[in-house]
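Enquirer: Structure incoming, see below.
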Amino acid sequence: MLPSGNRVIWLNTGAPGTVTVTGLFAVTAGADIVGTNCGTALSLDDYVELAGQLVAAAGKRPVIVQPNAGSPHTENGKTIYKATPEEMAATATRLLATGVRIIGGCCGTTPALLAAMSRAVRAVKA
Ligand SMILES: [Zn+2]
């Protein structure tokens with residue numbers, strides 16, 4: 001839980017290239033933490049690119065990134081996310097390397113995917 005008085009300004013960035021602008025907006029607006037989650041059609045590589053842009057825009061503020069479990073696909077009228085635990089774990093490691101300090105998951109993320117991401121991040125820090 002954040003201490004009283006901290007400000008989290010949550011921005012859906014949409015696509016690489018726009019995140020620096022939104023990240024800078026968040027910083028200017030007084031955010032203590034800068035982050036992003038869902039982006040329709042963003043690949044896991046896109047989230048890593050976004051992360052680097054956010055870290056650069058955030059200065060010393062912590063950055064949180066919560067990627068979808070890959071780009072969504074529609075099958076039989078259902079939205080499906082196909083990222084594997086291995087892919088999400090590799091993405092979490094790459095996010096950490098960009099300077100992201102809080103990593104989660106958004107649409108399509110399952111407990112199994114989050115567990116794989118957690119193991120990967122803990123292995124880097126060990
Ligand atoms: Zn989402």
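Enquirer: Under the 0.36 nm per residue contour assumption, what length would be gained going from the current alpha-carbon distance of Lys78 and Ala115 to full extension?
Expert: Stretched out fully, the Lys78 to Ala115 stretch lengthens by 10.9 nm.
Enquirer: List the trypsin sites (Lys or Arg not before Pro) within the stretch 50-82 that DSSP assigns to loop and that have no more than 16 neighbouring Cβ atoms inside 10 Å.
Expert: Details: sites: Lys60, Lys78, Lys82; in loops: Lys60, Lys82.
Qualifying residues, ordered by number: Lys60, Lys82.
Enquirer: Can you give the percent of C-alpha pairs in the stretch 72-126 whose distance is more than 16 Å?
Expert: When all Cα pairs of the stretch 72-126 are counted, 41 percent exceed 16 Å.
Rule-based calculations on the coordinates, nothing more; no lab input. Predicted model only: the values in this text are computed from it and were never measured. Cβ atoms come from the backbone with ideal geometry, glycine included; neighbour counts cover every protein chain shown.
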